[in-house]
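Shown next, in structure tokens, is the structure this report addresses.
The values are calculated or read from the model by the stated rules, or taken from the named source; none is laboratory data. The model shown is predicted, which means the values in this text are computed figures rather than measured ones. Cβ atoms come from the backbone with ideal geometry, glycine included; neighbour counts cover every protein chain shown.
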């Protein structure tokens, strides 16, 4: 068996070289730029790859590469000069993008490795309020998608030590592109100097042969003047809470209001609001939702419940 190179050195150098976004925006978040890493990955595995490895520029599959190296299925290939496996078939370019642009990211688990991931670390000189993107699911499987964004004062992917965290999770659907918008939860009042994003798609073992996949596009941070803050009980944005069919706008200076479900999907996006205005929510399922409201002094949030008598 050939000696395996230390993958972390290549990975960290690749990530650090992408730290060019001081405005705190992911590089290539629209997944329009793709780069051929076939030779680079081949050097790491000390083998010639018969299948191309084309990945979105600025992103690197650290976890998947480690899974491949330590998985039993690849061991017989280490004594060969060529690896005749499409190791990264589950990370590929999807066309067209969500807004009709050239491309998006298709990601899934597969029969070789049940999970795929992409990582990016970049500079951050501001305090974004939320993480936004477009997502859909192609197929009838049960894959899961998790996107974790961390703001910190180091380049470590450490959720516990982060200044702020935003997490988006979904299982399978939606079938058409839908926007998600998840707020950053700030644990301290500090401006980060760096950020990291981890995209993970997992597939159940019993569906290893399935061909379903997620499509992700337009991943970006939303920057406001102040971090998201929860309003207190004297600053209710909408009511009643809980509600059944109608919400009444009670807050002042509401420039835009969004209703977001627990998966981070934006179900309402309303502008030009005034106190006393009504919002019909009779078509929303029972459950807990987050109200995100833009005011002149920042972005505020409120949790509401929709409950109906049976």
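So here's what we get for this one:
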{"quantity": "Test set (1) modelled with pLDDT under 95; (2) not in a loop (DSSP other than H, G, I, E, B) - residue 111 fails condition number", "calculated": "(2)"}
{"quantity": "Options 180, 122; residue that is more than 23 Å from residue 64 (Cα to Cα) and buried (at least 22 other Cβ atoms within 10 Å of the Cβ)", "calculated": "180"}
{"quantity": "Search result, residues across the stretch 256-273 that are surrounded by 19 or more Cβ atoms within 10 Å (Cβ to Cβ), in contact (Cβ under 8 Å) with a residue 60 or more places away in the chain and part of a strand (DSSP E or B)", "calculated": "258, 260"}
{"quantity": "Test for residue 29: is it in a loop (DSSP other than H, G, I, E, B) and closer than 18 Å to residue 119 by Cα", "calculated": "yes"}
{"quantity": "Residue among 276, 209 that is at pLDDT 80 or above, part of a loop (DSSP other than H, G, I, E, B) and not assigned by TED's automatic domain parsing to the domain that holds residue 141", "calculated": "276"}
{"quantity": "Answer residue from the stretch 52-76, given it is assigned to a loop (DSSP other than H, G, I, E, B) and under 15 Å from residue 38 (Cβ atoms) and is farthest from the chain's Cα centre (by Cα) among those", "calculated": "52"}
{"quantity": "Of all residues making up the stretch 43-63, the number that are in contact with a strand residue (DSSP E or B) (Cβ under 8 Å, 6 or more places away or on another chain) and modelled with pLDDT under 85", "calculated": "2"}
{"quantity": "Residues located in the stretch 89-117, provided they are out of contact with any strand residue (DSSP E or B) (no Cβ under 7 Å at 6 or more places or on another chain) and within 19 Å of residue 37 (Cβ to Cβ)", "calculated": "89, 110, 112, 113"}
{"quantity": "Tally of residues being part of a loop (DSSP other than H, G, I, E, B) and either closer than 18 Å to residue 90 by Cα or within 15 Å of the chain's Cα centre (by Cα) (or both) across the stretch 175-206", "calculated": "4"}
